[in-house]
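Asks: Below you will find the structure I want to go over with you.
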Amino acid sequence: MSQRHIIQVFEQYQKARMQFAQTVADLAKRTENVEMLRNAGVVSMLRPLMLDVVPGIQHTAALALGRLADHSNDLAEVVVQEEILPQLVQSLSSQNRFYKKAAAFVLRAVAKHSPELSQAVVACRGVDALVLCLEEFDPGVKEAAAWALGNIAQHDASLSQSVVDAGAVPLLVLSLLEPEIALKRIAASTLSDISKHTPELAQTVVDAGAIAHLAQMILSPDAKLKRQVFAALSQISKHSVSLAEMVIEAEVFPAAMSCLKDPDEYVKKNVVTLMRELVKHTPELAQEIVNCGGLGAVIDYLGNCHGNLRLPGIMMLGYVAALSESLAMAVIVSKGVPQLAVCLAEESEHHIKAATVWSIGHIGHHTPEHAKAVATANLLPKILELHMNASSSEDLQTKSKRALKNILQKCNYLPGLEPLLYDAPSHILKHVVCQFSKVLPHDNKARRLFVTSGGLKKVQEIEAEPGSALQEYINAINSCFPEEIVRYYSPGYPEALLERLDQYQPA
């Protein structure tokens, strides 16, 4: 056999290996093919190709494995069980940039599914290898490594700490300075994933100088980058007053306010989320956001979006209002209550309604003036209805009850209270009747209106336990009126009058 013929055999074998790896990589793009590939034992077939003498075959086999692992938890577990990860990690330091990107993709695909699978990546020293990739010259390798590290860090504080301990944070911060937008995005996203778990992890990110570099990118023309920047700043801000103050001191505001006009809805949502995380800590931080026009901007934002996009804005108003009477009044003056009423009417998801009711409760619970703002928006009957509706979630019912109770204890606006006399259950009714018993003794006009509107008649129909607080409140109301008027509106009195008429004999 000639030398040429022998060489041809090896060339055909090499071509067949490459074709197999490439075909599997192509098939793995489509979800409907994945189960069939798995049943055929494709992972164990790809494993030896990871050690192939031809770099192109190694790279393509890694790409195929990454796509398979990306599809499902089960396939990612198969990759781990086949002991492919140690092989990948070992070769990361010596292979070319194409292979490194593909290998990082496999680690990322495995890690994304669960803490357990991420731990498998950590256990084979995958984090250390990925951190070394962050020092590579090629931005594509850095991006692939940063993405994999983010998928590891996202799950819990322990995994995030392993990323920090490997020295990733300073290199991720340096990646924010690279010219490639894609690398900036993923570096910001990974810093966000590290920061979110504990104040200590967030502090590590801050100590590496991340806030200043993130702040410089808030006016970037790239929407996806801005999303990640505001998400990272939010995750840092949420943990403590000191971390939130550092974000404020970086002069993120008022510059970030212009991003509330960004065409990208998730940029806007993440700006509002950042505002929510800042204002919740102290009245001083909330005042900073209010002073730069934050309330009006968020209320406008709520009027221009729907669904879960509204949630951070709804909660931001609640956090601001909870902190002090003056801040709650600022929400009222900015027309926050009518906008929350719109949200309550338009949204169908119970968790959004619950957040809205929670915010309304924080606005109305301070003083009679605050409570009146809620009552005049006709919100009390709506909140009562949500509390009593059997189809409302348990959280919505609980938050509605708490908001009603807190607002009612301050509400002196009787026209807003009166509809509740007819529908409220006894545990809410006692708070309503209590407020009437406080106001009516001192307001002649209100007493007259209470009679003509049917309120006094309704109070006489309430069945209260003798000696109960509710009965005491009813007695206090009745003492505000002449005895004959109270008797006239008591149940059975018209019948008694008719009986007297039947028995009456004119002289």
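Asks: Test residue 170 against the criterion of being assigned to a loop (DSSP other than H, G, I, E, B), closer than 22 Å to residue 231 by Cα and out of contact with any helix residue (DSSP H, G or I) (no Cβ under 7 Å at 6 or more places or on another chain), and give yes or no.
Replies: No; evaluated as a whole, the condition is false for this residue.
Asks: For the stretch 81-110, give me the residue count where each residue is among the hydrophobic types (A, V, I, L, M, F, W, C) and either outside the structural domain of residue 55 (by TED's automatic domain parsing) or over 17 Å from residue 141 (Cβ atoms) (or both).
Replies: 3
Asks: Could you list all residues from the stretch 1-60 that are under 22 Å from residue 87 (Cβ atoms) and of a type in the set (Phe, Trp, Tyr)?
Replies: Scanning the stretch 1-60 gives 13, 20.
Asks: So residue 452 passes all but one of these: (1) of a type outside the set (A, V, I, L, M); (2) buried (at least 16 other Cβ atoms within 10 Å of the Cβ); (3) at pLDDT below 80. Which condition number does it fail?
Replies: (2) is the only condition that residue 452 fails.
Asks: In addition: If I filter the stretch 316-347 down to residues being β-branched (Val, Ile, Thr) and more than 23 Å from the chain's Cα centre (by Cα), which single residue comes out as farthest from residue 386 (Cα to Cα)?
Replies: Only one residue tops the list, namely 333.
Asks: Only helices (runs of 4 or more DSSP H) wholly contained in the stretch 1-100 count here; list those with 1 or more residues that are free of Cβ contacts under 8 Å to residues at least 24 places away in the same chain.
Replies: 3-27, 31-39, 73-81, 84-92
Asks: Among the listed residues 198, 190, which satisfies the condition of being of a type in the set (Ser, Thr, Tyr), free of Cβ contacts under 8 Å to residues at least 60 places away in the same chain and more than 17 Å from residue 131 (Cα to Cα)?
Replies: Selected residue: 198, the only one of 198, 190 that is of a type in the set (Ser, Thr, Tyr), free of Cβ contacts under 8 Å to residues at least 60 places away in the same chain and more than 17 Å from residue 131 (Cα to Cα).
Asks: I need a count of the residues in the stretch 137-164 that are surrounded by 17 or more Cβ atoms within 10 Å (Cβ to Cβ) and either outside any helix (DSSP H, G or I) or among the hydrophobic types (A, V, I, L, M, F, W, C) (or both).
Replies: 14
Asks: Any chance you could count how many residues in the stretch 267-291 are more than 20 Å from the chain's Cα centre (by Cα) and over 18 Å from residue 241 (Cβ atoms)?
Replies: 0
Asks: State all residues of the stretch 7-60 that are modelled with pLDDT of 80 or more and of a type in the set (Phe, Trp, Tyr); if no residue qualifies, say none.
Replies: 20
Residue by residue, here is whether (1) farther than 23 Å from residue 100 by Cα; (2) of a type in the set (D, E, K, R) holds:
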{"position": "147", "(1), (2)": "no, no"}
{"position": "179", "(1), (2)": "no, no"}
{"position": "190", "(1), (2)": "no, no"}
{"position": "202", "(1), (2)": "yes, no"}
{"position": "213", "(1), (2)": "yes, no"}
{"position": "218", "(1), (2)": "yes, no"}
{"position": "232", "(1), (2)": "yes, no"}
{"position": "238", "(1), (2)": "yes, yes"}
{"position": "251", "(1), (2)": "yes, yes"}
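Asks: From 410, 458, 405, grab the single residue that is of a type in the set (Lys, Arg), touching a residue at least 12 places away in the same chain (Cβ under 8 Å), in a helix (DSSP H, G or I) and within 20 Å of residue 367 (Cα to Cα).
Replies: It is 405.
Asks: In this structure, is residue 369 in the same structural domain as residue 331 (by TED's automatic domain parsing), acidic (Asp, Glu), in a helix (DSSP H, G or I) and over 30 Å from the mean Cα position of the chain (by Cα)?
Replies: Judged against the criteria, residue 369 is a match.
The values are calculated or read from the model by the stated rules, or taken from the named source; none is laboratory data. These numbers come from a predicted model, not from an experiment. Positions of Cβ are generated from backbone atoms using ideal geometry, with glycine treated the same way; all protein chains shown enter the neighbour counts.
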